[in-house]
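Undergrad: Shown below is the structure under consideration.
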Amino acid sequence: MNLGIFAWKSLGRSPVRTAFKAISIGAITAIMLVWGCLNAGLSNLLQATATSFEIGEFQLHAPGYLRNPDIYATLDHAEAWQEALLNDGFLSAPRLYGSALAAASSLSAGVQVRGLDLEREAHVTRIGRFIDSGNWLTKTTPNGVVIGKLLARHLHLQPGQEMVLLAQAADGSFANTVFQVVGILKSVNSEIDNRAVYIQEAAFREFFLIEKGIHELAISRVDQDQPFTTAELRLRQLVAKPDLGNELKSWRQLKPLLAKIIDLLAVSANFIFIFIYLALGGLILNMTFMSIYDRRREFGTMQALGMGPGQMVLLILAEAGWKSLLSAGVATLLGLPLAFYLARTGLDLSLMVDHLSVSGINLEPIIYPQITVINVIKPIAFMMSSQLLFAIFPGMEISAMVPVEALSPH
């Protein structure tokens, strides 16, 4: 006797009950499917915001610069590094950093001046597209600056107004220059919002009197489909060849708290799946025992005709397998269209919050789910496993049933 076919026919004798189980459990699984995709989307958003708007995927510095960001601790042979990286499949952007005092009218604030190569920076990060008002730096505005949102608010500055920068140049002299604010950034993170002043590399070198060298080389993969760990291994091998002692850090090392949060999101998703489906197990058990009670004469007849205890357990498991497949179909039909809809429109949380802030990184309150095979299969696999798991005990109860008692009218 084919228990699989027999189990399917058994479910067909109570179509309303079978449909109710499949739809109720499938709807819960559909919700978990969408939630899992949104959770993965939030992780991607956190990583993308950190890497594409500020730090890049990797950074290369002179030895000791991160521990003591001295203006004199520069990385030499920047052009050679950039060429070698490009040949190995990496884009890079040189950066320069210096501390200064920014003043406007009677207001002032300590700032971090960031000198950028506009063309190369555009290939590594998207900071130039994150403008709230005004415009990004261009070659036609050599004396222009773009500043953080909170800094602009503190100094009461708008695009088109002037700001004075005062600092100590690399040769020890006093540097002061009037710059024009050409743009104000959207909220990125607390450091950029409060202190960042972006200027062009040539203007930075002229202001701080630094002729050569850079402080940082931001790096990203040309092929974003390449596994991050593979790219990191190749990059570390490349950097180690000259044996100059330069320090290469990935975004996970530069933002360890953010990396832990992203890892925690992935782990917490599995715990939530387990918790939900353990809770769902009570519903499955209740439904199964109700079905057993209603069908006790049917099961008693099967045993009286010679079906053994092991076959009874396998029959219940086969029925649970069919029900889980039906629930999986419902979950797919309900969950996938909703996930794809949200992938196109995003889940807008702006009605509840103005912005999201995680580990000091400000995010737009719109989350786009990440729809992958794993994110779709995982909640369905948890559901099917729980259905089979929680069918074992009812199956054992049925196998221990005495046919005479099952067939009695009471």
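All of the numbers you see were taken from the coordinates with simple rules; none came from a lab. Treat the numbers as computed from the prediction; the structure is a model and nothing was measured. Neighbour counts run over all protein chains shown; Cβ positions are idealised from the backbone, glycine included.
Undergrad: Check cross-link reach from LYS149 to the lysines: straight Cα distance under 20 Å, and skip same-chain residues fewer than eight apart.
TA: LYS186
Undergrad: To continue, here is another question. Quick one, could you list the DSSP H helices from the chain stretching 27 Å or more along their long axis (Cα atoms) with average Kyte-Doolittle hydropathy of -0.5 or above?
TA: For the chain, where a helix must reach 27 Å along its axis and average at least -0.5, the hits are 15-50, 256-294, 309-345, 373-399.
Undergrad: Now for a separate question. Just flag the trypsin sites (Lys or Arg not before Pro) in the range 133-229 sitting in loop per DSSP whose Cβ has no more than 16 other Cβ atoms within 10 Å.
TA: Here the sparse-neighbourhood loop sites are LYS139, LYS212.
Undergrad: Now for a different question. Using Cα springs under 10 Å in a Gaussian network model of the chain, which residue among ALA231, ALA339, ALA80 shows the largest mean-square fluctuation?
TA: Maximum fluctuation in the GNM of the chain, among the listed residues, is at ALA80.
Undergrad: Kindly provide the trypsin sites (Lys or Arg not before Pro) of the range 53-116 that DSSP labels as loop, not H, G, I, E or B, and whose Cβ sees at most 14 other Cβ atoms within 10 Å.
TA: Qualifying residues, ordered by number: ARG67.
Undergrad: In addition: Pick out which of ASN189, ASN375, ASN246 has the largest mean-square fluctuation in a Gaussian network model of the chain, springs linking Cα atoms closer than 10 Å.
TA: ASN246
Undergrad: Defining a contact as two alpha carbons under 8 Å apart and six or more residues distant in sequence, what relative contact order in percent does the range 56-202 show?
TA: Relative contact order of the range 56-202: 26 percent.
Undergrad: For the chain, what is the mean residue ellipticity at 222 nm derived from helices alone (per DSSP H run of n ≥ 4: -39500 (n - 2.57); sum divided by total residues; nearest 500 deg cm²/dmol)?
TA: -17500 deg cm²/dmol
Undergrad: Listed here are the pairs LYS139/LYS249; LYS21/LYS378; LYS260/LYS378; which of them are more than 25 Å apart at the Cα?
TA: LYS139/LYS249
Undergrad: Now for a different question. Want the number for MET396 to LEU338: 0.36 nm per residue separation, take away the alpha-carbon distance, what's left?
TA: Taking MET396 through LEU338 to full extension adds about 17.0 nm, to one decimal.
Undergrad: List the relative contact order of the chain as a percent without decimals, with contacts defined as Cα pairs under 8 Å and 6+ residues apart.
TA: Taking the mean separation of contacting Cα pairs over the length of the chain, I get 27 percent.
Undergrad: For the chain, set up a Gaussian network in which alpha carbons nearer than 10 Å are linked by springs, and say which option among GLN311, GLN47, GLN59 fluctuates the most.
TA: GLN311
Undergrad: Under the definition of Cα pairs under 8 Å and six or more residues apart, what whole-number percent is the relative contact order of the range 156-276?
TA: Rounded, it is 15 percent for the range 156-276.
Undergrad: Okay, moving on. What residues have an amide H closer than 5 Å to that of GLN161, excluding those fewer than 5 places away on the same chain, when H is modeled at 1.01 Å from N in the peptide plane?
TA: VAL181
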